[in-house]
Protein chains: 2
Amino acid sequence: MIVTIKDVAKEANVAPSTVSRVISNSPRISEKTKKRVREVMEQLGYHPNFQARSLAAKSTQAIGVIMPNSAFHAFQNPFFPEVLRGISTNAHTNKYGIYLSTGSTEDEIFEEVTSMVQGRRVDGIVLLYSRVNDKTMKFLQEADFPFTVVGRPDENEERVTYVDNDNIFITKQITNYLIKLGHKNIAFVGGSLDFVVTIDRLNGFKLALSEAGIPFNDEYLVNEELIKENGKKAITALMNLQSPPTGLVTQDDLIAYEIISHLEDMKIRVPDDVSIVSFNNLLLSEHSKPSITSVDIAIYQLGFEAAKCLIEIIKNPDLLPRRITIPTKIIERKSCANNKNIPM
Amino acid sequence: MIVTIKDVAKEANVAPSTVSRVISNSPRISEKTKKRVREVMEQLGYHPNFQARSLAAKSTQAIGVIMPNSAFHAFQNPFFPEVLRGISTNAHTNKYGIYLSTGSTEDEIFEEVTSMVQGRRVDGIVLLYSRVNDKTMKFLQEADFPFTVVGRPDENEERVTYVDNDNIFITKQITNYLIKLGHKNIAFVGGSLDFVVTIDRLNGFKLALSEAGIPFNDEYLVNEELIKENGKKAITALMNLQSPPTGLVTQDDLIAYEIISHLEDMKIRVPDDVSIVSFNNLLLSEHSKPSITSVDIAIYQLGFEAAKCLIEIIKNPDLLPRRITIPTKIIERKSCANNKNIPM
DNA sequence: TTGAAAGCGCTAACAG
DNA sequence: CTGTTAGCGCTTTCAA
């Protein structure tokens, strides 16, 4: 029922090895034979068996994509689909398949990755996150298995190939933007400090403040998870501070969006009373009211390049580690205004 | 360097087959031997090779997930991530991996599916769409390959297992909701009529109209793709009709969202001037201004059940085809109002 | 330019 | 309860 290389061989009066060579388009086979074999393959409806091929050739033609364990909670967030789109576009043109890993705890992820690697399910891996002290990344390094990271690795930066934005720089820029509008009381709404991206952005944020001579205020550091759990409460607490912030730097348009909604419920107007800037530049940021000033981090590119680098490494394991920085762009919209609380 | 079943066997002083049996936890092996073998596996860091196992056992422990070719354009839409989340949750608990297919044209998808099937890359397939006259689905049926569909198949409905909402019913309901608010001029904003979901919903829509004695007006049929391309133009055209609609039924919150934004630009207020209902009940629908009345179609469940059914079929190919209907719920919010253009 | 044969790592009869 | 053996379908030396 299943047509194998042997069937083709028999039908075409050649050896199985010849058929194999035709499949890989070996130059050592005459065009004539190739043609005949191909016709038989067509006629018999032959399709190569991936497992057998992988087993013999020790290559799977598939790459593994590892989501962070929090991704699924935040999966209504278009970051992951968009980065996946970039990855899959590139993988596909290189004839690689995509194997998705979706563990829901750190240990589960680790388990999945080790079994993917040791079990030779994939030829390489794209890590869609970078967290502090990540055993999965350590494992990959120690196993010397091809992998690339979307985000900056916490350690051994110069020994892994990764694709990232310049988060420190761009966060400094966007914070400066608020400062130039006259804001001094600026809050930073970020995710867990376990993620390198949060660390980098917070550093960029602090850098901007210190250069402007504004002291950093711990009370203005808001945890993103808190917002997701009970946004109303978190925002209320923030805005009820002795001197509430007039500017907000958030990590994601969706969060910005939710915050704005809560603020409006509290009769605090954006941008009149509070200015807000954000990251990711999702489609909706343009259509929301107010439209959100957001950093376009080129999510698709991040994925595309990560896949590209990975496939290059798979094909040539001796390639030197490199860092690719995807440029960002501030998209100015209507969520910011001059600070009216202070004399200009 | 790579540790195989043989290494484990040698180290544990048993035959390879015994190790194999330990892996599959065969009841015919003594607990004592199992323990010893497991210790050796642990100690040697053994991981089974998937390819070899697949080849010998003719099962891959992976399911393929096929996106519609338009999905990636619409990939900022959280539908796919959410349905994927459902699929992966179920697959994962059943120890199945997920193989993602992301062709960008119909032919590419077909090609990917045939090679997945014939090349035995996966044990079964979840189709994330149902379109009219789809050759991919036909192929799967003819090949008698395990698959399930999210959505209602165009043909041979009784011969395939699928998971869907009752789209006709729910669209009728939601349209009735507008009708009861006094709306008579109601537009339907939908995707391509190649998709069964659009057909079903349009039918539900028409049903509601005809039961209310409202004639169906072709001019009120708006193509979703048009909105995505040039929303402003499409909306302007619609609202410039002789008698513009006062009610809108859209297929997706994101679209609803964009339409509202354009309407506001035109100084048409929602819900005061135009009421709008939608589908999917995305997170943002709650926080948008106005919040959107939307049908919660339980996307996660759709994916979860589709994976569940598929895995059941894989394990038992003789299972009869069945249809699973996931209940929906109308979430009433603030995007609708009584129609003020007509005397109540 | 082609064929024969060994083997990738595992499973599954069949024996014992 | 465990070992022996024969493949799964393909690639890849080595030989011709």
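Annotation for the stretch A:1-15: at least one member residue is closer than 30 Å to A:Leu100 by Cα, at pLDDT 90 or above and near DNA strand D (Cβ under 9 Å from one of its atoms). The residues of the stretch A:90-100 that are under 16 Å from the mean Cα position of the chain (by Cα) and either of a type in the set (Lys, Arg) or facing chain B (nearest Cβ under 8 Å) (or both), listed by number, are A:Ile98, A:Tyr99, A:Leu100.
Pairing each residue of the stretch B:14-28 that is within 16 Å of B:Arg53 (Cβ to Cβ) and free of Cβ contacts under 8 Å to residues at least 12 places away in the same chain with any residue that is near DNA strand C (Cβ under 7 Å from one of its atoms) and among the aliphatic types (A, V, I, L, M), provided the two are 6+ apart or on different chains, yields C-beta distances under 7 Å for B:Pro16/B:Ile5. For the stretch A:22-35, a tally of residues being within 9 Å of DNA strand C (Cβ to nearest atom) and not charged (D, E, K, R) returns 6.
Every condition in (1) without any contact (Cβ under 8 Å) to a residue 12 or more places away in the chain; (2) touching a Leu at 6+ places or on another chain (Cβ under 8 Å) is met by B:Ser115 except one, and the failing one is (2).
Would you confirm, using the coordinates I've provided, whether A:Arg38 is modelled with pLDDT of 90 or more, away from chain B (no Cβ under 14 Å) and near DNA strand C (Cβ under 9 Å from one of its atoms)? Taking the combined requirement at face value, the residue does not satisfy it. Remark: B:Tyr46 matches the filter, which requires a residue to be in contact with a helix residue (DSSP H, G or I) (Cβ under 7 Å, 6 or more places away or on another chain) and not hydrophobic (A, V, I, L, M, F, W, C). Screening B:Lys58 against (1) within 14 Å of chain A (Cβ to nearest Cβ); (2) away from DNA strand D (no atom under 11 Å from the Cβ); (3) of a type outside the set (Ser, Thr, Tyr); (4) within 42 Å of the chain's Cα centre (by Cα) leaves a single unmet condition, (2).
Within the stretch B:294-344, the residues that satisfy the criterion of being part of a loop (DSSP other than H, G, I, E, B), within 19 Å of the chain's Cα centre (by Cα) and hydrophobic (A, V, I, L, M, F, W, C) are B:Ile297, B:Ala298, B:Ile326. For A:Leu100, state whether it is under 30 Å from A:Leu254 (Cα atoms) and either at pLDDT 90 or above or of a type outside the set (D, E, K, R) (or both). When the stated conditions are applied, A:Leu100 passes them. Listed by position, the helices (runs of 4 or more DSSP H) contained in the stretch A:1-116 that have at least 1 residues being in contact with an Asp or Glu (Cβ under 7 Å, 6 or more places away or on another chain) are A:31-44. Note on the stretch B:203-227: residues that are closer than 13 Å to B:Thr250 by Cα, surrounded by 16 or more Cβ atoms within 10 Å (Cβ to Cβ) and charged (D, E, K, R) amount to 1.
Can you tell me which residue within the stretch B:113-129, out of those that are modelled with pLDDT of 95 or more and away from chain A (no Cβ under 14 Å), is surrounded by the fewest Cβ atoms within 10 Å (Cβ to Cβ)? Result: B:Gly124. Condition check: within 12 Å of chain A (Cβ to nearest Cβ), of a type in the set (Asp, Glu), surrounded by fewer than 23 Cβ atoms within 10 Å (Cβ to Cβ) and not in a strand (DSSP E or B). Does B:Glu155 satisfy that? No, not satisfied. Set side by side, the residues A:Ile63, A:Ile2 differ, and just one is more than 10 Å from DNA strand C (Cβ to nearest atom), under 40 Å from the mean Cα position of the chain (by Cα) and facing chain B (nearest Cβ under 9 Å), which is A:Ile2. So, of the residues in the stretch B:117-152 that are part of a helix (DSSP H, G or I) and basic (Lys, Arg), which turns out to be nearest to B:Lys95 (Cα to Cα)? Going through the qualifying residues, I end up with B:Lys138. Scanning the stretch A:3-13 for residues that are among the β-branched types (Val, Ile, Thr) and without any contact (Cβ under 8 Å) to a residue 40 or more places away in the chain yields a total of 1.
For B:Val249, state whether it is touching a Cys at 6+ places or on another chain (Cβ under 9 Å) and in contact (Cβ under 8 Å) with a residue 40 or more places away in the chain. For B:Val249, the condition - touching a Cys at 6+ places or on another chain (Cβ under 9 Å) and in contact (Cβ under 8 Å) with a residue 40 or more places away in the chain - is not met.
The values are calculated or read from the model by the stated rules, or taken from the named source; none is laboratory data. The shown structure was predicted, so the numbers you read here are calculated from the model rather than taken from an experiment. In this analysis, Cβ positions are derived from the backbone assuming ideal geometry, glycine residues included, and neighbour counts consider all displayed protein chains.
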